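The values are calculated or read from the model by the stated rules, or taken from the named source; none is laboratory data. Bear in mind the structure is a predicted one, so any value in this text is a computation, not a measurement. Methodologically, a virtual Cβ is constructed for each residue, glycine included, from the backbone with ideal geometry; neighbour enumeration extends over all protein chains shown. Protein only, heavy atoms only, side chains kept; ligands, DNA and RNA dropped before computing areas. Shrake-Rupley method; radii C 1.70, N 1.55, O 1.52, S 1.80 Å.
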Amino acid sequence: GLAAARPCPAAVLAEVMKAFGAPENAQRMEEARDNACNDMGKMLQFLLPVATQIQQDVIKAYGFSNDGEGVLKFARLIKSYESQDPEIASMSGKLKAMFLPPMTLPPHGAGTGGMTGS
């Protein structure tokens, strides 16, 4: 049969970002960040589950399954739109910046992929 009208990905993404901005969620993220102390491994351990949970709560209303798989599907959907839609690309970047530590960016000029299996 016909699927229910798919919401526009930009709209779902906007809802997700609004959820991350909600005071209680912002605080959960803040605590997770504190626990991680800018340690990349711990970031993934503490921040990602919180970020995943926040996303799940939003996207389940849009027909995504309420589990990690739903979040992955959502991420893939957004990724597939990023190349065609600059607005989605920009929102997606902002969203990632919310739960991926900024230190993952190498210092300017360093690590331009010169070492990858030549």
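Could you please find all residues in the range 26-67 being among the polar types (S, T, N, Q), part of a helix (DSSP H, G or I) and over 16 Å from K96 (Cβ atoms)?
Of everything in the range 26-67, those that are among the polar types (S, T, N, Q), part of a helix (DSSP H, G or I) and over 16 Å from K96 (Cβ atoms) turn out to be Q27, N35, Q45, Q53, Q56.
Run G113 past the list (1) open to solvent by 60 Å² or more (accessible area, probe 1.4 Å); (2) farther than 21 Å from E24 by Cα; (3) at pLDDT below 90; (4) not aliphatic (A, V, I, L, M) and report the number of the one that doesn't hold.
Just one mismatch for G113, condition (1).
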